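Undergrad: Structure below; questions to follow.
What follows draws every value from the coordinates through simple rules; no lab data is involved. Keep in mind the model is a prediction, meaning the values are calculated, not measured. Every residue, glycine as well, gets a Cβ built from its backbone with ideal geometry; the counts of neighbours run over all protein chains shown.
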Amino acid sequence: MTISLLKSKIHRACVTGASLDYEGSLTIAADLAAKVGLRRYERILVGNMANGERFETYVILGEPGSGAIELNGATAHLGKIGDRLTIMAYGQFDRLEAEKHLPAVIVLDEHNAIIRGPLAQ
């Protein structure tokens, strides 16, 4: 048997853009995604702290260092520029892995710079 545990979390990410005309997904600056181990096309759960919306989508990698957090396609209806998001991904772990597992978590400021977590700047 496996258990689903939080694997990756980006907390308080600030939405920098929204595009209704895109096919879908959430763009995350590649360096931020890498800090928490998120991969291109990985399934994510997103909570919008401004309006309470929660939605699932997948990761598209944006330009490293850009701070990009962009709502694309239908998700653009679920938030606006300046909203703060919690972005989460889960993994499946067996009992032994679960006992040792700790998620990778970063917290961002209003400019999407890391203020807490791995290699905070």
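Undergrad: Only counting other Cβ atoms within 10 Å, I'd like Ile106, Ile28 sorted with the fewest neighbours first.
TA: Ile106, Ile28
Undergrad: What does DSSP give for the range 21-121 in terms of the percent of beta bridges that are antiparallel, rounded to the nearest 5? Don't skip to the answer; put the middle values down first.
TA: Details: 15 of 19 bridges.
So the antiparallel bridges amount to about 80 percent of the total.
Undergrad: Find how much the distance from Leu6 to Glu53 grows on full extension, using 0.36 nm per residue of separation minus their present alpha carbon separation; answer in nm with one decimal.
TA: The span from Leu6 to Glu53 would gain 15.0 nm if fully extended.
Undergrad: If I stretch the segment between Glu42 and Ser19 completely, what's the gain in nm (0.36 nm per residue apart, minus their alpha carbon distance), one decimal?
TA: Working: separation 23, 0.36 × 23 = 8.28 nm, distance 1.97 nm.
Full extension from Glu42 to Ser19 adds 6.3 nm.
Undergrad: Sticking with this one: Could you tell me the largest-minus-smallest coordinate of the C-alpha atoms of the chain on each of the three principal axes, in descending order and whole angstroms?
TA: So the extents along the principal axes, rounded to whole Å, are 43, 31, 25.
Undergrad: Which of these, Leu96, Leu20, Leu108, has the largest mean-square fluctuation under a Gaussian network model of the chain (Cα springs below 10 Å)?
TA: Highest fluctuation among the options: Leu96.
Undergrad: In which sequence would Asp83, Asp94 go, from the one with the fewest C-beta neighbours within 10 Å to the one with the most? Present the calculation step by step, with values, prior to reporting the outcome.
TA: Working: Asp83 18, Asp94 10.
Taking fewest neighbouring Cβ atoms as first place, the list is Asp94, Asp83.
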